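Engineer: Before I ask anything, here is the structure I am working with.
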């Protein structure tokens, strides 16, 4: 009788995150600006937080096996499947300029987050790096992938995602307006591809880049999306480096006992899928289904995270994480613009 009883919390927790994620995906499709800005992943986390607040910590403990399954296994499944959104043709079309801008921005933002977050704002190194990963690479997905790799506190994850939502939304409002300005066209010699690279290299989420791209001409829109996807691929080397730098570093109070180095093997599998995608081995109908499965897995992971998170934990984090997010957003805009001009479009 112990088997079915122990399986019940696992199934219940998975079904809860499934329901919350499906609700988030449906809400994101409504013609409401605020919901579209947040996107299904952030909406899933918000619905999870609201549900967790409604049911309380006792219910969260009862459902923990299913919540942990979603946070751990479904997260990794979603990150792996994310690689099917990229093809080698996309990477070639964007060119070396886009890759160079991405490399400089990712390295620069992560370094700035680690330095400014700890030296100026007094954040612990893991939280600062987590916020930097969300700003530098691919928003909430990068935060979720980086957190277990660097062994960040669970309370730091929603805080980092909040900075992605806030300043990624600011980018969604800013870039369409900038594209209408004559001085921007004069500065870039009316080069739409250059503006697309700027958008893709500096906007937080893939969904946010897509929203900005919808307001741009076709050539700028395609360049923006592909440049962003190249940033997504940099998640793999970043995770490998972070696992070396922070993965075996003890948390406060743990001491310096020997630990196993957490190599993110799921990220290596992610790196192989663009090759599979480029070989056209997957039928288009199945590929579309896998894209939806990818979104569902990531949304379920976000819902599980939100359910176990209390709003008081975000309030307790203080103003420093938002200040770091604002600083990184300014550096993204200034650095991306400088790199675009330096490379001569």
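Engineer: For residues in region 203-216 being in a helix (DSSP H, G or I) and touching a helix residue (DSSP H, G or I) at 6+ places or on another chain (Cβ under 6 Å), which is modelled with the highest pLDDT?
Structural biologist: Our first condition is that a residue be in a helix (DSSP H, G or I); within region 203-216, this holds for 206-213.
Next cut, touching a helix residue (DSSP H, G or I) at 6+ places or on another chain (Cβ under 6 Å) only: 206-209, 211-213.
Numbers: 206: 75, 207: 68, 208: 76, 209: 82, 211: 68, 212: 79, 213: 79.
That would be 209.
Engineer: Scanning for something modelled with pLDDT under 80, assigned to a helix (DSSP H, G or I) and over 27 Å from residue 292 (Cα atoms), does region 78-91 turn up at least one residue?
Structural biologist: Scanning region 78-91 turns up no residue that is modelled with pLDDT under 80, assigned to a helix (DSSP H, G or I) and over 27 Å from residue 292 (Cα atoms).
Engineer: Only residues that are buried (at least 19 other Cβ atoms within 10 Å of the Cβ) and more than 19 Å from the chain's Cα centre (by Cα): list them for region 61-89, please.
Structural biologist: Within region 61-89, 63, 66, 67, 69, 87 meet the criteria.
Engineer: Name the residues in region 48-60 that are at pLDDT 85 or above and buried (at least 19 other Cβ atoms within 10 Å of the Cβ), would you?
Structural biologist: Those that are at pLDDT 85 or above and buried (at least 19 other Cβ atoms within 10 Å of the Cβ): 48, 51, 52.
Engineer: For residue 219, all conditions in the list (1) closer than 30 Å to residue 301 by Cβ; (2) part of a helix (DSSP H, G or I); (3) at pLDDT below 85 hold save one; what is the number of the exception?
Structural biologist: With (1) closer than 30 Å to residue 301 by Cβ; (2) part of a helix (DSSP H, G or I); (3) at pLDDT below 85 applied to residue 219, the lone miss is (1).
Engineer: Let me ask another. What number goes with the only condition from (1) modelled with pLDDT of 85 or more; (2) more than 18 Å from residue 86 (Cα to Cα); (3) surrounded by fewer than 13 Cβ atoms within 10 Å (Cβ to Cβ) that residue 250 does not pass?
Structural biologist: Here residue 250 meets the rest and fails (1).
Engineer: Give me a count of the residues in region 149-192 that are within 21 Å of residue 223 (Cβ to Cβ) and under 14 Å from the mean Cα position of the chain (by Cα).
Structural biologist: 1
Engineer: I've got another one for you. Name the residues in region 184-202 that are assigned to a loop (DSSP other than H, G, I, E, B) and touching a residue at least 60 places away in the same chain (Cβ under 8 Å), would you? Even if it seems obvious, please write down each step before you answer.
Structural biologist: Narrowing region 184-202 to residues assigned to a loop (DSSP other than H, G, I, E, B): 188-191.
Within region 184-202, 188, 189, 191 meet the criteria.
Engineer: Considering region 293-321 alone, what residues qualify as being more than 21 Å from residue 66 (Cβ to Cβ) and either modelled with pLDDT of 80 or more or in contact with a strand residue (DSSP E or B) (Cβ under 7 Å, 6 or more places away or on another chain) (or both)?
Structural biologist: 318, 319, 320, 321, listed by residue number.
Engineer: For region 113-150, enumerate the residues that are more than 23 Å from residue 203 (Cα to Cα) and free of Cβ contacts under 8 Å to residues at least 24 places away in the same chain.
Structural biologist: Of everything in region 113-150, those that are more than 23 Å from residue 203 (Cα to Cα) and free of Cβ contacts under 8 Å to residues at least 24 places away in the same chain turn out to be 118, 119, 120.
Engineer: Which ranges mark the helices (runs of 4 or more DSSP H) fully within region 116-183 that have 3 or more residues being in contact with a helix residue (DSSP H, G or I) (Cβ under 8 Å, 6 or more places away or on another chain) and under 12 Å from residue 325 (Cα atoms)?
Structural biologist: On the way: elements: 125-133, 140-150, 156-179.
Result: 125-133, 156-179.
Engineer: Additional query: For residue 103, are the conditions met, namely being at pLDDT 85 or above and in a helix (DSSP H, G or I)? Please lay out each step first, then the result.
Structural biologist: Working: at pLDDT 85 or above: yes; in a helix (DSSP H, G or I): yes.
Yes, satisfied.
The values are calculated or read from the model by the stated rules, or taken from the named source; none is laboratory data. Worth saying up front: this structure is predicted, and the values here are computed from it rather than measured. So basically every Cβ, Gly included, is an ideal-geometry build from the backbone, and we count neighbours across all protein chains shown.
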